[in-house]
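Q: One structure follows; several queries about it will come next.
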Amino acid sequence: MARPNILYLHSHDTGRYIQPYGHAVETPALQRFAEQSVLFRQAFCAAPTCSASRAALLFGRSAHSAGMLGLTNRGFWPSDYNGHLANTLKAGGYTTAVAGMQNVAPTTEMIGYDRILADMGATDTIRVDAAQRFLADPPQPFFLSVGFTATHRDFPQPQPPDDPRFCKPPAPLPDTPETRYDMAAFNTIARQLDDCMGSVLAALDEAGLADNTLVICTTDHGIAFPLMKCNMTDHGLAVMLMLRGPGIPEGGHVCNALVSQIDLYPTVCEIAGIDPPDCLEGKSLMPLLNGEADEINDAIFAGVTFHAAYEPMRAVRTRRWKYIRRFDDRGRCVLPNCDDSPSKDVLIAAGWADRPLAKEELYDLTFDPNETNNLVAAPAHAAILEDMRNRLAAWMKQTDDPLLAGPVTPPPTAQLNDPDGLSPGDPFIIAP
């Protein structure tokens, strides 16, 4: 068989809030795809912010190892794009193409794709059209990245069947008219995303390419609601991840293994028959896919340094435990790191800005899946706390985390918000 093509479909701010993960949002195209794929129920990003999560996936390393400490639209980007997955595949004989969202470089030209089919400013509809034209007669083997702005805010007004009266807000939020409306609006944009991804998948089928194309369908991090995106709980880190194609079991399998998006890079290299770069930190998913192993990771790691404002955090997650550490002394939330929304307004009105945040957090994910009961001070869990601290410290040392040297200084190009501001849209300041 010819070397497989690779189609990388990715969205913005979707988490696992699609129909195949049991949520009350109609995404029929993604449901059909899930029924043909392997769906990972315990997949996590390596950073709950846009550019850092994508850099971790596309460079196969933690975000700070890849040099991505913030957002590209705010002056952060890696210094060397040679390690980007597209360039590794390009060196291995693949034609590389991108349609739309990439979010790891200020200009798509910097990355090195052979073809730019639609730029960063294109609408999702234009991105679909560009991908369809490419797939009608592509050079093979190809790597095609199709990225969508949906489900990023701003959301459209809810449209039928998304009725705010009968909508359930996500787990961290109170059930109010505002949060119900907000979630109904999310459901509407999720259906728009489903239409876009479904159209690209249909073009792949119509071209007769599906049988020899590895399709990766994922998102960058959790949904853009308070206590979710930009947070280190599973509400921020959990992502959809579905794979279909050569070497992947058919027929709607579900994998419960603990995996990170940094595991995708070595997986792609193995399926493509290309030697992976030595610097990769992830592990190939193939032992899970071919039945040789039930787990490949005993822990996964994540981090945030900058988003709209500085908020340094790191986390380690095992099957049962989550440990989160903050590396500043602020002791309360950084409101500009939460996108403006009706749900945010509800929490601010209730005094969110003044609620204290612990320096360290430890959660038992079996009995506390919403991560609300911090066990750091519980004597019965002292040994677990010490183990998780040690795991995180070892990972930070192994990956040469800049936080080990103290507060991180942003680059001269950085545009950041006052952490005491309310909105990401507040006037930029340059952090000290």
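Q: What's the number of the condition Gln192 fails, among (1) of a type outside the set (Asp, Glu); (2) in contact with an Asp or Glu (Cβ under 9 Å, 6 or more places away or on another chain); (3) surrounded by 21 or more Cβ atoms within 10 Å (Cβ to Cβ)?
A: Failed condition: (3).
Q: (1) in contact (Cβ under 8 Å) with a residue 40 or more places away in the chain; (2) within 18 Å of the chain's Cα centre (by Cα); (3) crowded, with 24+ Cβ neighbours inside 10 Å: which one isn't true of Arg41, the others all being true?
A: (3)
Let's see how each residue does on (1) more than 21 Å from Lys397 (Cα to Cα); (2) out of contact with any Asp or Glu (no Cβ under 7 Å at 6 or more places or on another chain); (3) among the acidic types (Asp, Glu); (4) not in a helix (DSSP H, G or I):
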site	(1), (2), (3), (4)
Tyr265	yes, yes, no, no
Pro277	no, yes, no, yes
Leu280	no, yes, no, yes
Asp294	yes, yes, yes, yes
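Q: For Gly198, state whether it is part of a loop (DSSP other than H, G, I, E, B) and more than 27 Å from Glu371 (Cβ to Cβ).
A: No, not satisfied.
Q: Look through Glu361, Glu371 and report the one residue that is within 19 Å of Glu386 (Cα to Cα), at pLDDT 95 or above and either part of a loop (DSSP other than H, G, I, E, B) or β-branched (Val, Ile, Thr) (or both).
A: Glu371
Q: Here's another thing I want to ask about it. On the given criteria, is Ser53 touching a Cys at 6+ places or on another chain (Cβ under 7 Å), buried (at least 24 other Cβ atoms within 10 Å of the Cβ) and not charged (D, E, K, R)?
A: yes
Q: Could you grab me the full set of residues in region 1-28 that are crowded, with 21+ Cβ neighbours inside 10 Å, among the aliphatic types (A, V, I, L, M) and more than 18 Å from the chain's Cα centre (by Cα)?
A: Within region 1-28, Ile6, Val25 qualify.
Q: Look through Ala99, Ala122 and report the one residue that is modelled with pLDDT under 95 and either assigned to a loop (DSSP other than H, G, I, E, B) or more than 26 Å from His64 (Cβ to Cβ) (or both).
A: Selected residue: Ala122, the only one of Ala99, Ala122 that is modelled with pLDDT under 95 and either assigned to a loop (DSSP other than H, G, I, E, B) or more than 26 Å from His64 (Cβ to Cβ) (or both).
Q: For the structure I just gave you, tell me whether Phe301 is part of a loop (DSSP other than H, G, I, E, B) and more than 15 Å from Arg41 (Cα to Cα).
A: no
Q: Can you find a residue in region 187-195 that is in contact with a Lys or Arg (Cβ under 7 Å, 6 or more places away or on another chain) and in the same structural domain as Ser53 (by TED's automatic domain parsing)?
A: Looking for residues that are in contact with a Lys or Arg (Cβ under 7 Å, 6 or more places away or on another chain) and in the same structural domain as Ser53 (by TED's automatic domain parsing), one finds none in region 187-195, hence no.
Q: Related question: Looking at (1) out of contact with any helix residue (DSSP H, G or I) (no Cβ under 6 Å at 6 or more places or on another chain); (2) surrounded by fewer than 24 Cβ atoms within 10 Å (Cβ to Cβ); (3) of a type in the set (A, V, I, L, M, F, W, C), which is the one condition that is false for Val304?
A: Failed condition: (2).
Q: Looking only at region 324-357, count every residue that is within 20 Å of Val408 (Cα to Cα) and either of a type outside the set (D, E, K, R) or in a strand (DSSP E or B) (or both) and tell me the total.
A: Going through region 324-357 one residue at a time, the tally reaches 11.
Q: Of all residues in region 9-61, how many are touching a His at 6+ places or on another chain (Cβ under 9 Å), assigned to a loop (DSSP other than H, G, I, E, B) and of a type in the set (A, V, I, L, M, F, W, C)?
A: Final tally of qualifying residues: 2.
Q: May I ask you to say which residue of Gly251, Gly245 is at pLDDT below 95 and over 17 Å from the mean Cα position of the chain (by Cα)?
A: When all the criteria are applied, what remains is Gly251.
Q: Tell me, yes or no, whether region 341-351 has at least one residue that is surrounded by fewer than 24 Cβ atoms within 10 Å (Cβ to Cβ), farther than 22 Å from Ser11 by Cα, modelled with pLDDT of 95 or more and not assigned by TED's automatic domain parsing to the domain that holds Pro369.
A: Within region 341-351, none of the residues are surrounded by fewer than 24 Cβ atoms within 10 Å (Cβ to Cβ), farther than 22 Å from Ser11 by Cα, modelled with pLDDT of 95 or more and not assigned by TED's automatic domain parsing to the domain that holds Pro369.
Q: With the condition kept exactly as written, say whether any residue in region 137-146 is crowded, with 18+ Cβ neighbours inside 10 Å, of a type outside the set (Ser, Thr, Tyr) and under 14 Å from Ser11 (Cβ atoms).
A: yes
Q: Looking at region 236-289, which of its residues are of a type in the set (Gly, Ala, Ser) and either surrounded by fewer than 19 Cβ atoms within 10 Å (Cβ to Cβ) or within 30 Å of Pro226 (Cα to Cα) (or both)?
A: Hits for region 236-289 are Gly236, Ala238, Gly247, Gly251, Gly252, Ala257, Ser260, Gly273, Gly282.
The values are calculated or read from the model by the stated rules, or taken from the named source; none is laboratory data. No experiment lies behind these values; they were computed from the predicted model shown. No Cβ is skipped: glycine too gets one built from the backbone with ideal geometry, and neighbour counts run over all protein chains shown.
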